[in-house]
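S.K.: After the structure tokens below, expect a handful of questions from me.
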Amino acid sequence: MVVSDNDAGGKDQEQESKRAARPVTAAARRERRASARPAGKAAKEGDKARPAGKASAGAPAADAKSKAGEVKKGRATPKRTRKDKKPSLFARLVRFFREVWAELRKVIWPTRKQMVTYTTVVLVFVAFMVALVSVLDFAFRKGVFWLFG
């Protein structure tokens with residue numbers, strides 16, 4: 001049977017399109033998103049959709065904000081004053097237990113059948129390891145008594 005180049009090429013293109021349909025790595029996804037945006041159209045739509053707080057530096061909204069006393073872009077964020085007052089021991093304990101309880105609610109607990117299966121697997125593994133160590137101990141003990149008398 002003879003396969004033409006068109007048939008083989010069609011299969012390769014299908015596989016290539018399947019692979020290209022969903023990039024595996026995050027970097028590949030970012031690159032794909034960037035290449036999918038048309039340059040001219042995105043710039044025009046971006047200006048319309050951009051909120052006033054995100055306007056470019058030359059926009060009047062940015063000038064009004066800088067005159068109002070807000071921090072300009074490019075400057076360091078001012079430090080916050082840290083409160084020295086700590087909550088009481090009781091309040092910290094209550095918060096700790098509340099957070100523990102919240103984390104426990106997120107846990108996916110195994111069913112009874114899963115627990116029986118897991119327990120059986122662990123017990124069988126432990127019994128196997130005990131038997132293996134016992135056999136090796138017996139063999140080494142006999143070997144040492146034979147060698148040193």
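S.K.: Regarding the range 84-149, what whole-number volume in Å³ per residue does the convex hull of its Cα atoms give?
M.R.: 193
S.K.: Then there is this: For the range 81-142, which trypsin sites (Lys or Arg not before Pro) pass both filters: DSSP loop (anything but H, G, I, E, B) and at most 16 other C-beta atoms within 10 Å?
M.R.: Arg82, Lys83, Lys85
Values in this text are rule-based calculations from the coordinates and carry no lab data. Nothing here was measured: the structure is a model prediction, and the numbers come from that model. Reconstructed Cβ throughout: ideal geometry from the backbone, glycine too, with neighbour counts over all protein chains shown.
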